[in-house]
Amino acid sequence: MDLNLDAPHSMGTTIVGVTYNGGVVLGADSRTSTGMYVANRASDKITQLTDNVYVCRSGSAADSQVVSDYVRYFLHQHTIQLGQPATVKVSANLIRMLAYNNKNMLQTGLIVGGWDKYEGGKIYGIPLGGTVVEQPFAIGGSGSSYLYGFFDQAWKENMTKEEAEQLVVKAVSLAIARDGASGGVVRTVIINSEGVTRNFYPGDKLQLWHEELEPQNSLLDILNAAGPEPMAM
């Protein structure tokens, strides 16, 4: 995700949403950067829209926040008028409307996920142009490039809640390992008929992948680590 002072603050970002047998799991990293500088290493990119619908945000931090704020406000009005919770489809379509009508201004890709009594757990991807695509799973952000092959191999229908969450955490940690614009911690949100559960996976507790360096408390730890001796002159 980007924050930009000259350039936009961008959430370089890895976001993921998967359906499972009974609900959805959303996941994201937590790095917000301005160019090469990490402006926030513990951002929350999974934003509540209603009690039962959340959105994962990628691209420009400002754009994704303003879209989420408008949609939360519209959905609150909608819920009062209807006297019952908004559906995931209505939430996704409101975001689609804003993203499509302002496609020249906005630079944000979103994944909407939630549960409602009519259709159960649903995931909708809303990429840059402002189209809406209902999918069994969706991935987004700069880190998603590294995940297409992984999901082709690892995703399956009718996963349990535990399987789905493990898949999401594994996917985000794989993307963090390869993508410089993704990093920090992994956050997940599980939504089903019983409500919402948020989980947090600290960066130093994530699995290390191929050639990934151990977490360090300080740059000095790396510099002071025993390395090859300098050549004797």
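The values are calculated or read from the model by the stated rules, or taken from the named source; none is laboratory data. Just so it is clear, the model here is predicted, and its values are computed rather than measured. For neighbour counting, all protein chains shown are included, and Cβ atoms are generated from backbone atoms with ideal geometry for every residue, glycine included. The accessibility values were calculated without ligands, DNA or RNA, using every heavy atom of the protein model including side chains. Shrake-Rupley method; radii C 1.70, N 1.55, O 1.52, S 1.80 Å.
A few points about this structure:
- Single unsatisfied condition, GLY59 versus (1) on the phi > 0 side of the Ramachandran plot; (2) open to solvent by 60 Å² or more (accessible area, probe 1.4 Å): (2)
- Lone unmet requirement of (1) farther than 14 Å from ILE123 by Cβ; (2) in contact (Cβ under 8 Å) with a residue 12 or more places away in the chain for VAL55: (1)
- Taking first residues from the stretch 197-215 that are assigned to a helix (DSSP H, G or I) and partners that are loosely packed, with under 14 Cβ neighbours inside 10 Å and not hydroxyl-bearing (Ser, Thr, Tyr), the Cβ contacts under 6 Å between residues at least 6 apart in sequence or on separate chains come to ASP204/PRO215.
- In the stretch 165-175, the residues that are out of contact with any helix residue (DSSP H, G or I) (no Cβ under 7 Å at 6 or more places or on another chain) and open to solvent by 30 Å² or more (accessible area, probe 1.4 Å): GLN166, LYS170
- Candidates are the residues of the stretch 216-233 that are open to solvent by less than 100 Å² (accessible area, probe 1.4 Å) and in a loop (DSSP other than H, G, I, E, B); the one that is modelled with the lowest pLDDT is ALA232.
- Considering residues of the stretch 30-46 that are touching a Lys or Arg at 6+ places or on another chain (Cβ under 8 Å) and open to solvent by 20 Å² or more (accessible area, probe 1.4 Å) only, the residue nearest to ASP116 (Cα to Cα): ASP44
- Any chance GLY149 is outside any helix (DSSP H, G or I), farther than 19 Å from ILE46 by Cα and open to solvent by less than 90 Å² (accessible area, probe 1.4 Å): no
- Exclusive hit being under 14 Å from the mean Cα position of the chain (by Cα), of a type in the set (Val, Ile, Thr) and on the phi < 0 side of the Ramachandran plot, set THR79, THR19, THR47: THR47
- Take the conditions (1) in contact (Cβ under 8 Å) with a residue 40 or more places away in the chain; (2) of a type outside the set (Ser, Thr, Tyr); (3) open to solvent by less than 60 Å² (accessible area, probe 1.4 Å); GLN107 misses just one of them, which is (3).
- Checked against the criterion of being surrounded by 21 or more Cβ atoms within 10 Å (Cβ to Cβ), modelled with pLDDT of 95 or more and not β-branched (Val, Ile, Thr), the candidates GLY195, GLY130, GLY141 yield just one match: GLY141.
- Test for TYR124: is it under 24 Å from VAL67 (Cβ atoms) and either of a type outside the set (S, T, N, Q) or over 15 Å from the mean Cα position of the chain (by Cα) (or both): yes
- Within the stretch 181-196, tally of residues that are under 25 Å from VAL88 (Cβ atoms) and assigned to a loop (DSSP other than H, G, I, E, B): 2
- Failed item, numbered, when GLU162 is tested on (1) open to solvent by 40 Å² or more (accessible area, probe 1.4 Å); (2) farther than 12 Å from THR19 by Cβ; (3) not in a helix (DSSP H, G or I): (3)
- Qualifying residue in the stretch 1-23 (condition: closer than 23 Å to TYR148 by Cα, open to solvent by less than 60 Å² (accessible area, probe 1.4 Å), free of Cβ contacts under 8 Å to residues at least 60 places away in the same chain and hydrophobic (A, V, I, L, M, F, W, C)): no
- Qualifying residues in the stretch 110-127 (those that are open to solvent by 60 Å² or more (accessible area, probe 1.4 Å) and out of contact with any strand residue (DSSP E or B) (no Cβ under 6 Å at 6 or more places or on another chain)) - the one nearest to VAL168 (Cα to Cα): GLU119
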